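Asks: Next up is a structure, given as structure tokens.
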Amino acid sequence: MLIDAHHHLWEYNDRDYGWMSGEMTALRRNFLVADLAQVMRESDVEGTVAVQARQTIEETEVLLDLVSQNDFLLGVVGWVPLIDPQVARDLERLVNSPKLKGVRHVLHDEADDFYMLREDFNRGVSLLRGFGLAYDILIFERHLPQTLQFVDRHPEQLFVVDHIAKPRIRQGVLSPWKENISELAKRRNVYCKVSGMATEADWHRWTPEQLRPYFDAVLAAFGPKRLMFGSDWPVLTLAASYPRWVGTFRSFIAELSQDDQEEICHRTARRAYRL
């Protein structure tokens, strides 16, 4: 069984998706539930977690509505204004849907590389555990040192690192990412998604062999019980088809025991997001 713990859905408009750079024109269209269902069938994926792509409560509400209508959509990692002093009101309302499983903020797009250390942001994050919500960490490699400080402020909060913290795969650079991600993994409340790797490599020339050292590093650091599969579809399509990424991932885990494969393929996601 395979659960895709990280994908997006959107009805595209110019206003809300400014993060799509000029080389991402292929993403500037609708990616809907029917499109996702098609690629899932092609790769024998049985369930998914939808993750925010806009920093609006409206999108979180739309995703929760879609999840309520589609059984294979198992949960939502949404967005709330964590720095708002009244964010608890938003959380109280949104958790009325049992399919809200986590919260994410696009940290790596903030002008301040130390945004995650802001007191108001941490005050908001400190509320999540009380609502039974995970927090997804979206950063670049350069943010890892301060992320260690951030995570240490919340030793009881469950965290999930998206896209293995976006190392410099395109340049073939392992250090200091490898050392820093290994240090982060020492925190037992931190999980990691095997996702977003192909788009951090050369979109047109990457090979599984180029990605393998990065997978091996997070496997050694987190172990199968804190690793989970994710596609980052449709952003993935900039660098690979859905079946190609699933096949690459399965090649990475092929030599593991059946039990360890089951952990990475679906059990870890179930635990982290209470699916």
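A short reminder: the numbers here are calculations on the coordinates, not readings from a lab. Every value quoted in this text rests on a predicted model; they were computed, and no experiment measured them. FYI the Cβ positions are ideal-geometry reconstructions off the backbone, even for glycines, and counts take in every protein chain you see.
Asks: Can you name every one of the helices (runs of 4 or more DSSP H) wholly within the range 56-166 that holds 2 or more residues which are small (Gly, Ala, Ser) and crowded, with 20+ Cβ neighbours inside 10 Å?
Replies: Qualifying helices (runs of 4 or more DSSP H): none found.
Asks: Conditions first: (1) within 19 Å of Gly230 (Cα to Cα); (2) touching a residue at least 60 places away in the same chain (Cβ under 8 Å). Leu32 passes all but one, so which condition is the exception?
Replies: Unmet for Leu32, out of (1) within 19 Å of Gly230 (Cα to Cα); (2) touching a residue at least 60 places away in the same chain (Cβ under 8 Å): (2).
Asks: Only one of (1) more than 13 Å from Ile3 (Cα to Cα); (2) of a type outside the set (Gly, Ala, Ser); (3) buried (at least 18 other Cβ atoms within 10 Å of the Cβ); (4) in contact with a Lys or Arg (Cβ under 6 Å, 6 or more places away or on another chain) is not met by Thr237, so which one is it?
Replies: In the conditions (1) more than 13 Å from Ile3 (Cα to Cα); (2) of a type outside the set (Gly, Ala, Ser); (3) buried (at least 18 other Cβ atoms within 10 Å of the Cβ); (4) in contact with a Lys or Arg (Cβ under 6 Å, 6 or more places away or on another chain), Thr237 misses (4) alone.
Asks: A further question on this structure: Of all residues in the range 1-42, which are among the hydrophobic types (A, V, I, L, M, F, W, C) and either out of contact with any strand residue (DSSP E or B) (no Cβ under 9 Å at 6 or more places or on another chain) or assigned to a helix (DSSP H, G or I) (or both)?
Replies: Passing the criteria: Trp19, Met20, Met24, Ala26, Leu27, Val33, Ala34, Leu36, Ala37, Val39, Met40.
Asks: I would also like to ask the following. Among residues belonging to the range 168-198 that are in a helix (DSSP H, G or I) and in contact with a Lys or Arg (Cβ under 9 Å, 6 or more places away or on another chain), point out the one that is surrounded by the most Cβ atoms within 10 Å (Cβ to Cβ).
Replies: Ala198
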